[in-house]
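Take a look at the structure set out below.
The values are calculated or read from the model by the stated rules, or taken from the named source; none is laboratory data. This is a predicted model, so every value here is computed, not measured. Here Cβ is always computed from backbone atoms with ideal geometry, including for glycine, and neighbour counts include all displayed protein chains.
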Amino acid sequence: MKVAVSATNGNLEAQIDPRFGRCQYFVLVDTDTMAFEGVQNESAGSMSGAGIQAAQAIVEKGAQAVITGNVGPNAYQVLSSAGIKILTGASGTVREAVEKFKGGQFREVATPGPAGSGMGLGMGRGFGMGMGRGRGVGRFSPTPYYQTPASPGMQAPPLSREQETSMLESQIDMLQQQLNLMRKRLEELKGSSQ
């Protein structure tokens, strides 16, 4: 099976990068032979849409599973619609993560988050660009929105300080991008009503 692992470098001894869309590299590993290919993530520095672009690149590379620290809801949608398994909560080296995967130690993410938690930032009747038809602002949940317990009552594994920091930085970036899009749309609406 071909798996893509988010990493800080392009080899098996590289550390896992907990950021899917903004990781520096993906290491594509054949789990049967441990043959690998390091691929630089071209979308890491993108102003917006890094997760979606990274997910599309993984789909094009033919990966059947992704191992990472966390994955946002937009990247999740691209990956899951392509039938790619998404496994989060990874840490250590790429080699260690692949060995854990082969040993069945990761849980596949079933959805980007439990109902009622997470981002939920849609603002009404739609602004396009994936922002419309939201149903409120959600609520804070101690389980991050991208992790789903394997079964009811089972808690997701805790994040390391670095993983949580990275996840929060990614969420801030996503919120800033959404806020910028809303401001732009508001200006367009104000301009067209004059």
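Data for the structure
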| item | result |
| --- | --- |
| Residue list for segment 17-38, filter: at pLDDT below 95 and in a strand (DSSP E or B) | Arg19 |
| Answer from Ala7, Ala50, Ala65 - the residue that is within 16 Å of Leu87 (Cβ to Cβ), touching a residue at least 12 places away in the same chain (Cβ under 8 Å) and buried (at least 24 other Cβ atoms within 10 Å of the Cβ) | Ala7 |
| Qualifying residue in segment 72-85 (condition: charged (D, E, K, R) and over 13 Å from the mean Cα position of the chain (by Cα)) | no |
| Filter result (within 24 Å of Glu60 (Cα to Cα), assigned to a helix (DSSP H, G or I) and among the basic types (Lys, Arg)) within segment 78-109 | Arg95, Lys102 |
